[in-house]
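Let me begin by presenting the structure, written as structure tokens, before commenting on it.
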Amino acid sequence: MKQPLTGILPVAPTPFFDDGQVDEDGMKNVLDCMIDQGVDAICLLANYSEQFVLSDDERARLMRVSLEHVAGRKPIIVTISHFSTAIATQRAKAAEALGADMVMMMPPYHGVGLVPGPDGIYEHFQAVSDAISIPIMVQDAPLSGVSLPVDLLVKMAREIENVSYFKIEVPFAADKLAALIEAGGEHMVGPFDGEEAVTLLADLDAGATGTMTSGLQPEKIRSIVTDFHAGDHDAALAQWKVCLPLINHENRQCGLKACKTVFKEGGVIKSDYVRHPLKPMSQRTKDRLLQLSKELDLIALRWGK
């Protein structure tokens, strides 16, 4: 990439048919819809893509289908998280070979007692960086249960060539972003937030350059980022107030099912199926989700109609 990524880089959901099989044509529709939403980049195979229920073969097929279909229209970030350093490295190399612009990865984790120390985490990212020539986004998420203190992240940014982007979605994200930016300086190329942008305005105040949300409403959230960076903080705040009810409902009540439900409602995909052990969304939660989405006239609700 010639210019650092900024703005909104949402996660693409993985569509399944009602029988649980991967819907490759639906995946293409998802990507086209997200491009029509005005995204700045797209992230594949992340946690909100249900990466944890995909086989290795399905991951490989979805990555190939997606990169070939987007064909350079938008930068693509491929999530490669794995406890095994060797497998994470293999995934990174495969993503770069197919044309990915960036990879995203969490630290190695697999429950209490198997979390490596700081040296092991550093070496994990170092090995991946040594194997590729594209940027790495470090995902600092509560899901991992792994502590990534500011001094470790700054050390990685300073010393590991391709570590330059950071997705911070832990509690008190704004304070951590501010500390990272202050300590890391020019090495913090892309400090981003996540968590469906539920703390976006505070994170922008702290210096975040963008956000990684779901694909639910990027066309609405993007202007919060662009207006803020253009210096129009009043407009950013006003749009934040518009988006926040739906952001909150997605983050606190729906999770990854929200985007799939709206995409199905709008004809982007045929099914909002989630693989077991995940369960379908309750009708009560779905009704509120669709009400809030319709009030915002989301692109995804009318994309396939």
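Every number here is computed from the coordinates shown, using simple stated rules; none is lab data. It should be emphasised that the depicted structure is a prediction, and the values quoted were computed from it without experimental measurement. Virtual Cβ from ideal backbone geometry, glycine too; neighbours counted across all protein chains shown.
Starting with the fewest neighbours, write out F172, F228 ranked by other beta-carbon atoms found within 10 Å of each beta-carbon.
On the way: F172 10, F228 20.
With the sparsest Cβ surroundings first, the list reads F172, F228.
Give me Rg/Rg_expected for the stretch 1-144, where Rg uses Cα atoms only and Rg_expected = 2.2 N^0.38 Å with N residues. Write down the numbers at each step before the final one.
Working: Rg = 15.0 Å, N = 144, 2.2 N^0.38 = 14.5 Å.
Working it through for the stretch 1-144, the quotient is 1.03.
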Check your understanding: Hull surface divided by four, with the convex hull built on the Cα atoms of the stretch 21-83: how many nm²?
Key -> 4.3
**Study point:** Counting DSSP beta bridges with both ends in the stretch 7-302, the antiparallel % (nearest 5)
**Key:** 5
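Distances longer than 23 Å among the Cα atoms of the stretch 194-305: what percent of all pairs is that?
Values: 1830 of 6216 pairs.
When all Cα pairs of the stretch 194-305 are counted, 29 percent exceed 23 Å.
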Practice item. Quick one: grab Rg to one decimal and Dmax as a whole number for the stretch 94-196, Cα atoms only, in Å. Key: 13.1, 37
Exercise for review: At a temperature of 20 °C and a viscosity of 1.002 mPa s, determine how fast the stretch 110-151 diffuses translationally according to Stokes-Einstein, using the Kirkwood radius over alpha-carbon pairs as Rh; express D in µm²/s, rounded to the nearest whole number.
Suggested key: 184
Point to revise | Debye intensity ratio in log₁₀ form over the Cα atoms of the chain, taken at each q of 0.08, 0.13, 0.15, 0.16 Å⁻¹ | key: -0.32, -0.89, -1.21, -1.38
